[in-house]
């Protein structure tokens, strides 16, 4: 009989502890609301960082495009005294690079924030195009100075 009373006592203590530790429906709702609030704050922070990244990248590309335009202007001044045939060839190449530079600026200006994944793809492709354009400028100015 003592063991039955002990077993019932232990069972009662375990049941009470289990019931006390369970969250009530109100507590579950409150926890869910807190989780949603925190998730919204995290999302706002991520969006701010994403938009700041776009803004920073735009400023960097604007600087590169301005540098490219400066290179074009310097190159045009340098080839002004070249022979007519060489000058025409260089002018065609420079005009093509200048158009590409203008197109890159327009492409960056026209980009609309459309999600982080699309931004990362756009940024990678745009960076590669900018690097290729910079290399083309460097190759042209190096060839002309030799």
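Read-outs: derived from the displayed coordinates by stated rules, not from any lab. Bear in mind that the values here come from a model prediction, so they are computed numbers and not experimental data. Cβ: placed from backbone, ideal geometry, glycine included. Neighbour counts: every protein chain shown.
Figures for the structure shown
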item	result
Top of 80, 66, 124 by mean-square fluctuation, Gaussian network on the chain, Cα under 10 Å	80
Full-extension gain in nm, residue 110 to residue 43, via 0.36 nm per residue minus C-alpha separation	21.6 nm
Gain on full stretching of the segment that runs from residue 10 to residue 51 - 0.36 nm per residue minus C-alpha separation	8.8 nm
Least to most buried among 53, 139 (fewest other Cβ within 10 Å first)	139, 53
For the chain, calculated [θ]222 nm from helices alone, where every DSSP H run of n ≥ 4 adds -39500 (n - 2.57)	-33000 deg cm²/dmol
Label-point gap, in nm, between residue 103 and residue 73 - each point 7 angstrom along Cα→Cβ	2.4 nm
Cα long-axis angle, helix 25-79 against the chain (0 to 90 degrees, to the nearest 10)	10 degrees
Angle in degrees between helix 84-110 and the longest Cα principal axis of the chain, rounded to the nearest 10	20 degrees
Among [x] -0.32, -0.82, -0.93, -1.14; [y] -0.36, -0.87, -0.96, -1.14; [z] -0.59, -0.93, -0.98, -1.09, the entry derived from the coordinates for log10 I(q)/I(0) by the Debye sum over Cα atoms at q = 0.10, 0.16, 0.17, 0.19 Å⁻¹	[z]
Label-point separation, residue 62 to residue 88 (7 Å along Cα→Cβ), nm	4.0 nm
Residues 3, 61, 37 arranged by fewest to most Cβ contacts within 10 Å	3, 37, 61
